[in-house]
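Participant: Shown below is the structure under consideration.
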Ligand code: SF4
């Protein structure tokens, strides 16, 4: 594939077959953000220089036409947030419009607020948020993202618009908060993906957390996916 739509590899492939990254950076400044390493950019540059990638919508439309990409579920985004707080997110809106014009659907994942685009989404699109911890901890760990409460409010609002909703619990900073959130969110989400905290030291008992989270999802009838890195901990003897 040549263009903004690409096939993620490795752990990212557990989130989707296709993805598009719309912005060059992200202002949310999550302490655990992996994107600067992936992009070989300095952390400060990544968090302070946030622009739409050059000609992103034009290039997206060209690729859709040239490669006739249709009928796919396309993840937004891996190396940035599709709704960077405090920035104009019209490029995201235009990207969604282009992808859907060609018969694709989108799987959004954000710590911002995507509700401005709910009018573009339908019952085969997915709106998702990331939750790693409770609101108090998030204030320190994800200082410029929207609050956990606002993310949940947008998620419920999306469900009221009959959009599929999902939550990514990765990275996990506070297992108890994640378990509590699964219980709280179950009535208005269709799917959860659960991982762990990678690339940072932690004394969390991942096997116990993973088993508890899986049992809870089963009890609540939730569609769930345990990321390979967490599953490996759960499978240890
Ligand atoms: S929202 Fe995502 S891309 Fe943005 S700083 Fe946080 S982890 Fe990085």
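The values are calculated or read from the model by the stated rules, or taken from the named source; none is laboratory data. A quick note: this is a predicted structure, and the numbers were derived from the prediction, not measured. Here the Cβ positions follow ideal geometry from the backbone for every residue, glycine too, while neighbour counts run over all protein chains shown.
Participant: I need a count of the residues in the range 96-127 that are under 25 Å from residue 9 (Cα atoms), touching a strand residue (DSSP E or B) at 6+ places or on another chain (Cβ under 9 Å) and away from the ligand (no atom under 16 Å from the Cβ).
Facilitator: Total meeting the criteria: 9.
Participant: Could you say whether any residue in the range 23-31 is part of a strand (DSSP E or B), within 16 Å of the chain's Cα centre (by Cα) and either within 13 Å of the ligand (Cβ to nearest atom) or surrounded by fewer than 16 Cβ atoms within 10 Å (Cβ to Cβ) (or both)?
Facilitator: Taking every residue of the range 23-31 in turn, at least one turns out to be part of a strand (DSSP E or B), within 16 Å of the chain's Cα centre (by Cα) and either within 13 Å of the ligand (Cβ to nearest atom) or surrounded by fewer than 16 Cβ atoms within 10 Å (Cβ to Cβ) (or both).
Participant: Take residue 158 and decide whether it is farther than 15 Å from residue 185 by Cβ, more than 14 Å from the chain's Cα centre (by Cα), without any contact (Cβ under 8 Å) to a residue 60 or more places away in the chain and away from the ligand (no atom under 14 Å from the Cβ).
Facilitator: Criteria not met by residue 158.
Participant: Shifting gears a bit: Residues to consider are 50, 57; find the one that is at pLDDT 95 or above and in contact with a strand residue (DSSP E or B) (Cβ under 6 Å, 6 or more places away or on another chain).
Facilitator: 50
Participant: Looking at this structure, is residue 130 at pLDDT 95 or above, farther than 20 Å from residue 6 by Cβ and within 14 Å of the ligand (Cβ to nearest atom)?
Facilitator: Here the answer is yes, as residue 130 does meet what is asked.
Participant: Which residues, taken from the range 48-93, are surrounded by fewer than 19 Cβ atoms within 10 Å (Cβ to Cβ), touching a residue at least 40 places away in the same chain (Cβ under 8 Å) and away from the ligand (no atom under 16 Å from the Cβ)?
Facilitator: Once the filter is applied, which keeps residues that are surrounded by fewer than 19 Cβ atoms within 10 Å (Cβ to Cβ), touching a residue at least 40 places away in the same chain (Cβ under 8 Å) and away from the ligand (no atom under 16 Å from the Cβ), the range 48-93 yields 59, 62, 66, 67, 72, 73.
Participant: Let me ask something additional. Only one residue in 108, 96 is in contact with a helix residue (DSSP H, G or I) (Cβ under 7 Å, 6 or more places away or on another chain) and either crowded, with 24+ Cβ neighbours inside 10 Å or modelled with pLDDT of 95 or more (or both). Which one?
Facilitator: 96 is the lone residue from the list that is in contact with a helix residue (DSSP H, G or I) (Cβ under 7 Å, 6 or more places away or on another chain) and either crowded, with 24+ Cβ neighbours inside 10 Å or modelled with pLDDT of 95 or more (or both).
Participant: Of 36, 8, 4, which residue is in contact with a strand residue (DSSP E or B) (Cβ under 7 Å, 6 or more places away or on another chain) and either part of a helix (DSSP H, G or I) or at pLDDT below 95 (or both)?
Facilitator: Selected residue: 8, the only one of 36, 8, 4 that is in contact with a strand residue (DSSP E or B) (Cβ under 7 Å, 6 or more places away or on another chain) and either part of a helix (DSSP H, G or I) or at pLDDT below 95 (or both).
Participant: Just the residues that are part of a helix (DSSP H, G or I) and at positive phi, please, taken from the range 212-225.
Facilitator: Answer for the range 212-225, where residues must be part of a helix (DSSP H, G or I) and at positive phi: there is none.
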